[in-house]
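Visitor: First, the structure itself, so that you have it in front of you.
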Amino acid sequence: LGASQVRVGPTSIPLRAIQRDQLLAYLAYAGDWVSREQLLYLFWPDSSPRAARNNLRQQLLRARALGYAATLEIEGQRLRWSVATDAAAFAGAVLEGRWQDALALYGGPLLEGLEGEAGEFAAWLLLERERLQRTWRTALLRRAEELSAQGWNLEAAELLQLLLAGDDLDEAALTAYLGALLRAGARERALRAYDAFALRLRDELGLEPTGALQELARGAREGGLSALSGPPQPSAAPALPTLSTSFIGRDLELAEVAERLSASSC
């Protein structure tokens, strides 16, 4: 998560947008066995089967020549590079509801700097980054909820500003942000944030805030904030994006099935 690198003791070795490093990063992120067929499709989808297998062999030879990749396992038609990663630690913290730990572990976009040329790997990376970003958003909302429940409303508001900085039309984040400010007694600050949001929503999308958000703002203006006198009620469910146990899910397999079905020989 964030700048891609391998750490060996005190030494950090940056990874580059070359196939050898992309392959190693992919295997490290998987954390389990990956079939050769998956790798061939991901990195050489347009090559002939023979050329793709030859390319994979060459990249594996280059990888095995690296001292830190000596633990790369090759067993028949599958490969594994079992190393500790911050991504796995982040996923574990999310699954266990350790929101503060999850936020501390999220160092930025997945495999930053390894995008390389457009292709199946780049497409997979984009989708996986979006999924992890949604997971981070959920973790941040839940951590803010925890802080407010403990009476740390201004701290919760500051945390929620991270979401609004990335998307100032995120209505769920704004609602939580306004609630935290109002519980902290920062009524004017909350109303300014609401007015700015409502104006931008109208100007850019021609929409009005939801009824619940309008009611929250109306209550703040009228001073009738009894519903916000105590800590927020916890969400009924975390609504986490799916975390597939194999990390690949079935996206690659489905794409391969579609490609084969569309072939004239099928």
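Visitor: Could you grab the relative contact order for the chain? Cα pairs under 8 Å, six or more apart, rounded to a whole percent.
Guide: 18 percent
Visitor: Work out, step by step, the length gained on full extension between I13 and A89: first 0.36 nm times the residue separation, then minus their alpha carbon distance; give nm to one decimal.
Guide: 25.4 nm
Visitor: Separate question: Suppose all protein chains stay in the model; what accessible area per residue would a 1.4 Å probe give for the chain, in Å²?
Guide: Details: 14680 Å² over 266 residues.
I get 55 Å² per residue for the chain.
Visitor: Let me ask something else. Using amide H atoms built in the peptide plane, which far-off residues or other-chain residues are under 5 Å from Q5 H to H?
Guide: The answer is L15.
Visitor: For region 67-120, give the magnitude of the charge dipole about the Cα centre (Cβ charges: +1 Lys/Arg, -1 Asp/Glu; no others), in debye to the nearest 20.
Guide: 220 debye
Visitor: Still on this model: For T71 and A165, FRET efficiency with R0 = 51 Å and r from the beta-carbon atoms, rounded to 0.05? Walk me through the intermediate numbers first.
Guide: On the way: r = 40 Å, r/R0 = 0.78.
E(calc), rounded to 0.05, equals 0.80.
Visitor: I would also like to ask the following. Any idea which of G107, L154, T85 is furthest toward the positive side of the dipole for region 83-168, if Lys and Arg beta-carbons carry +1 and Asp and Glu beta-carbons -1?
Guide: Checking the options against the dipole of region 83-168, the answer is L154.
Visitor: When the accessible area of region 117-198 is computed with all protein chains present and a 1.4 Å probe, what percentage of it is carbon and sulfur?
Guide: 53 percent
Visitor: Checking the a/c ratio against 1.5 first, then a/b against b/c, what shape does the Cα gyration tensor give for region 73-204?
Guide: In terms of gyration-tensor shape, oblate.
Visitor: Sticking with this one: Is there a quick way to get the dipole size of region 1-48? I mean about its Cα centre, with the Cβ of Lys and Arg at +1 and of Asp and Glu at -1; what is the value in debye to the nearest 20?
Guide: About 220 debye.
Visitor: Can you list which of the DSSP-assigned H helices in the chain have a Cα extent of 30 Å or more along the long axis and an average Kyte-Doolittle score of at least -1.0?
Guide: On the way: long enough: 120-149 (44 Å, -0.45).
Within the chain the helices that satisfy the rule are 120-149.
Visitor: Something else about it: Could you identify which residue out of G76, G31, G92 has the top mean-square fluctuation in a GNM of the chain using Cα springs shorter than 10 Å?
Guide: With Cα springs under 10 Å in the chain, the top fluctuation among G76, G31, G92 is at G76.
Visitor: Among L24, L191, T138, whose Cα lies farthest out toward the positive end of the dipole of the chain, if unit charges sit on the beta carbon of Lys, Arg (+1) and Asp, Glu (-1)?
Guide: Projecting each Cα onto the dipole axis, the largest value belongs to L24.
Visitor: Assign unit charges at the C-beta atoms only (+1 for Lys and Arg, -1 for Asp and Glu), then state the dipole size of the chain relative to its Cα centre in Debye, rounded to the nearest 20. Intermediate values should be presented prior to the final figure.
Guide: Numbers: 28 positive and 34 negative charges, 142 e Å.
Taking the Cα centre of the chain as origin, the dipole is about 680 debye.
Visitor: On to the next question. Once neighbouring chains are kept in place and the probe is 1.4 Å, which whole percent of the accessible area of region 41-83 is contributed by carbon and sulfur?
Guide: Carbon plus sulfur share of accessible area: 46 percent.
Visitor: For the chain, what percent of Cα pairs sit more than 36 Å apart?
Guide: 33 percent
Visitor: What residues qualify as long-range amide H neighbours of G108, i.e. H under 5 Å apart, gap of 5 or more or another chain, H built at 1.01 Å from N?
Guide: Amide H neighbours of G108: G2.
The values are calculated or read from the model by the stated rules, or taken from the named source; none is laboratory data. Note that the coordinates shown come from a computational prediction; the quantities given were computed from them, not determined experimentally. Note: ideal-geometry Cβ built from the backbone for every residue, glycine included; neighbour counts use all protein chains shown. SASA here: full protein model, heavy atoms, side chains in, ligands and nucleic acids out. Shrake-Rupley method; radii C 1.70, N 1.55, O 1.52, S 1.80 Å.
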